[in-house]
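Engineer: Here it is: the structure, laid out below.
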Amino acid sequence: MLSSDDVFNELGIGPVWRLRETPGSSRADDGSHAPAYTWDTLTDAVAHCTACKLAASRTQGVLGVGDRNADWLIIGEAPGADEDAQGEPFVGQAGKLLDAMLASIGLKRGDNVYITNVLKSRPPGNRNPEPDEVAACRPYLLAQIELIQPKLILALGRFAAHSLLDTDEAIARLRGRVHSFCNVPLVVTYHPAYLLRNLPDKARAWEDLCLARRTMQIL
Ligand code: URA
């Protein structure tokens, strides 16, 4: 029988849960990490965060939503106007399409799925996130990964893929294979907001979802 390490070798990535990049996390005597945040301290930190200029214009920080023990972690770009108002990621039109995408592979928001964004605060006018904002938010995303310990990450869109994989390769080249972030397998697909404007790419997004589901099945 294959061990999980065999599976990860087959996928060309390291064994899961050797998280190397959590600022502030402490190392116990046995070498294991203690999370820098609990859910309570993380929720409080995001709610009161002033680490970047977005604090001045956002209505509220949007940490994420869903099952805190999920196998699936979905990562988008940043809250938009609806998310900023309601305090939950992907609640607008793009969110409806995301829910439909999840349903197409038998998943449901909140049930073994956690949804978050690279940025926890809305960039004004929905402009692109800036590098200092991404850097300021990174500890929160890393803390979420450490707390959730997902089996697989689905990165939605160019911005999430680029900031997680530290690349500027086109989505067309990033999709179709399994990457890794913090030693968690990561699959890239199109952002639902993009798919709303580019219907033909829905077929490609479906292929990506199938790749993610196949990958999850062998983990
Ligand atoms: N787009 C995103 O990337 N995230 C959201 O939460 C909403 C729209």
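Engineer: Is it true that Arg204 is within 15 Å of the ligand (Cβ to nearest atom), assigned to a helix (DSSP H, G or I) and either in contact with a His (Cβ under 8 Å, 6 or more places away or on another chain) or free of Cβ contacts under 8 Å to residues at least 60 places away in the same chain (or both)?
Structural biologist: So Arg204 fails the test.
Engineer: Could you check Ala170 against (1) within 16 Å of the ligand (Cβ to nearest atom); (2) open to solvent by 10 Å² or more (accessible area, probe 1.4 Å); (3) of a type in the set (A, V, I, L, M) and say which number it fails?
Structural biologist: Exception for Ala170: condition (1).
Engineer: If Gly106 meets every condition in (1) touching a Ser or Thr at 6+ places or on another chain (Cβ under 6 Å); (2) open to solvent by 10 Å² or more (accessible area, probe 1.4 Å) apart from one, which number is that one?
Structural biologist: For Gly106, the exception is condition (1).
Engineer: Moving on. Among the residues of segment 71-103 satisfying the criterion of being among the small types (Gly, Ala, Ser), assigned to a loop (DSSP other than H, G, I, E, B) and open to solvent by 20 Å² or more (accessible area, probe 1.4 Å), which is nearest to the ligand (Cβ to nearest atom)?
Structural biologist: Among them, the one singled out is Ala78.
Engineer: With the checklist (1) part of a loop (DSSP other than H, G, I, E, B); (2) more than 14 Å from the ligand (Cβ to nearest atom); (3) among the hydrophobic types (A, V, I, L, M, F, W, C); (4) at pLDDT 95 or above in hand, flag the one item Val62 doesn't pass.
Structural biologist: So Val62 meets the others, but not (2).
Engineer: Let me ask something additional. Restricting attention to segment 147-164, which residues are in contact with a helix residue (DSSP H, G or I) (Cβ under 7 Å, 6 or more places away or on another chain), not in a loop (DSSP other than H, G, I, E, B) and not aliphatic (A, V, I, L, M)?
Structural biologist: Gly157, Arg158, Ser163
Engineer: Would you confirm, using the coordinates I've provided, whether Thr167 is in contact with a helix residue (DSSP H, G or I) (Cβ under 8 Å, 6 or more places away or on another chain) and free of Cβ contacts under 8 Å to residues at least 12 places away in the same chain?
Structural biologist: The answer is yes for Thr167.
Engineer: Here are the criteria: (1) open to solvent by 50 Å² or more (accessible area, probe 1.4 Å); (2) free of Cβ contacts under 8 Å to residues at least 12 places away in the same chain. Tell me which single one His162 does not satisfy.
Structural biologist: (1) is the only condition that His162 fails.
Engineer: Please work out if Pro139 is assigned to a loop (DSSP other than H, G, I, E, B) and open to solvent by less than 50 Å² (accessible area, probe 1.4 Å).
Structural biologist: no
Engineer: In segment 29-53, what residues are at pLDDT 85 or above and outside any helix (DSSP H, G or I)?
Structural biologist: Matches in segment 29-53: Ala36, Tyr37, Thr38, His48, Cys49, Thr50, Ala51, Cys52.
Engineer: If we scan segment 172-184, do we find a residue that is of a type in the set (Gly, Ala, Ser) and not in a helix (DSSP H, G or I)?
Structural biologist: Checked against the condition, which is being of a type in the set (Gly, Ala, Ser) and not in a helix (DSSP H, G or I), segment 172-184 yields at least one hit.
The values are calculated or read from the model by the stated rules, or taken from the named source; none is laboratory data. What you are looking at is a predicted structure, and each value in this text was computed from that prediction instead of being measured. For neighbour counting, all protein chains shown are included, and Cβ atoms are generated from backbone atoms with ideal geometry for every residue, glycine included. Ligands, DNA and RNA are stripped out before the accessible areas are found, and what is left, the full protein with its side chains, is counted by its heavy atoms. Shrake-Rupley method; radii C 1.70, N 1.55, O 1.52, S 1.80 Å.
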